[in-house]
Each structure stands twice: as C-alpha cells, then as structure tokens.
1. Which pairs do you get when a residue that is in contact (Cβ under 8 Å) with a residue 40 or more places away in the chain, found in region 91-109, comes within reach of a residue that is surrounded by fewer than 12 Cβ atoms within 10 Å (Cβ to Cβ) and part of a loop (DSSP other than H, G, I, E, B), reach meaning Cβ atoms under 7 angstrom, with the pair 6+ apart or on two chains?
2. Any chance region 14-33 includes a residue that's in contact with a helix residue (DSSP H, G or I) (Cβ under 7 Å, 6 or more places away or on another chain) and more than 26 Å from residue 114 (Cβ to Cβ)?
3. Of the conditions (1) within 14 Å of residue 88 (Cα to Cα); (2) out of contact with any helix residue (DSSP H, G or I) (no Cβ under 6 Å at 6 or more places or on another chain); (3) in contact (Cβ under 8 Å) with a residue 60 or more places away in the chain, residue 2 satisfies every one except a single condition; which number is it?
4. What number of residues within region 1-24 satisfy the criterion of being in a helix (DSSP H, G or I) and either crowded, with 16+ Cβ neighbours inside 10 Å or on the phi < 0 side of the Ramachandran plot (or both)?
C-alpha cells in the first residue's frame, strides 16, 4: 500500500491549520465557509507540490485518514462533520488530492489526538492517503 501524507502545521499555516468545530462553522456566514475551503485548497496544493504528490485520477480509490491534533477534543459526530471543508478542499479542481468524496473514490477515517505541552504534540492536521 502506498502512503502519501499532507501535514498542515500551526507553525507553518497559522491557526487555520486546525479544523474548526462544526458548531462554530454552522453559525458562520457562508462566505466564511468559502474562505476556509479556499485556505485548505491552497495549503493542500502547496504541500502536494512540496512533496511531489500527484493528483488523483478518476479511476483512483483511496483510504483517507485524517488525524486532528487539537488542544480541545470534540465529540465524534462533531469531529467528522467538522472536516467537511477540508475534504472539499482536498477534492477541489486545483488540488485533486482525491478525485471525489463519494464512496467509489474514498473511504474515510477521522481521528483526534490531544495536543498540549504535556503530550508534546503541536496542534496540526495530518491527512494520509493510501492507495
């Protein structure tokens, strides 16, 4: 199985590298959603170019594992729903880390890890693509 990884660090991309809670996003104006999706598209495109990762084709199916390193952990349902804008950015026409987010092209797993000084982890989002 081939593994390709994108990492969005707070040190490199600022606080936007950690996915916001869906509860916050539901209260936001649609223009904010669009801006966040564009930010994830740019981050994804930058990381793909940096690591020489090629875009997906229509025939590709991937297992996508998203790990969110956060200072405050979310409920499971909130955690998965919060990553909608990231996944939309990953499948955008500019990025194409995944061809589409339907079951024919992707299997999704989302998990979270507590990121504090005590654990030694920094807040970030890691996306792994297995083919």
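Read-outs: derived from the displayed coordinates by stated rules, not from any lab. Source: prediction; values computed, not measured. No Cβ is skipped: glycine too gets one built from the backbone with ideal geometry, and neighbour counts run over all protein chains shown.
1. 99/57; 99/58
2. So in region 14-33, the residues in contact with a helix residue (DSSP H, G or I) (Cβ under 7 Å, 6 or more places away or on another chain) come out as 16-23, 25, 33.
Now drop any that are not more than 26 Å from residue 114 (Cβ to Cβ), which leaves 33.
Within region 14-33, one or more residues are in contact with a helix residue (DSSP H, G or I) (Cβ under 7 Å, 6 or more places away or on another chain) and more than 26 Å from residue 114 (Cβ to Cβ).
3. Against the list (1) within 14 Å of residue 88 (Cα to Cα); (2) out of contact with any helix residue (DSSP H, G or I) (no Cβ under 6 Å at 6 or more places or on another chain); (3) in contact (Cβ under 8 Å) with a residue 60 or more places away in the chain, residue 2 comes up short only on (1).
4. The initial filter retains those residues of region 1-24 that are in a helix (DSSP H, G or I), namely 10-17, 22-24.
Now drop any that are not either crowded, with 16+ Cβ neighbours inside 10 Å or on the phi < 0 side of the Ramachandran plot (or both), which leaves 10-13, 15-17, 22-24.
Total satisfying the criteria: 10.
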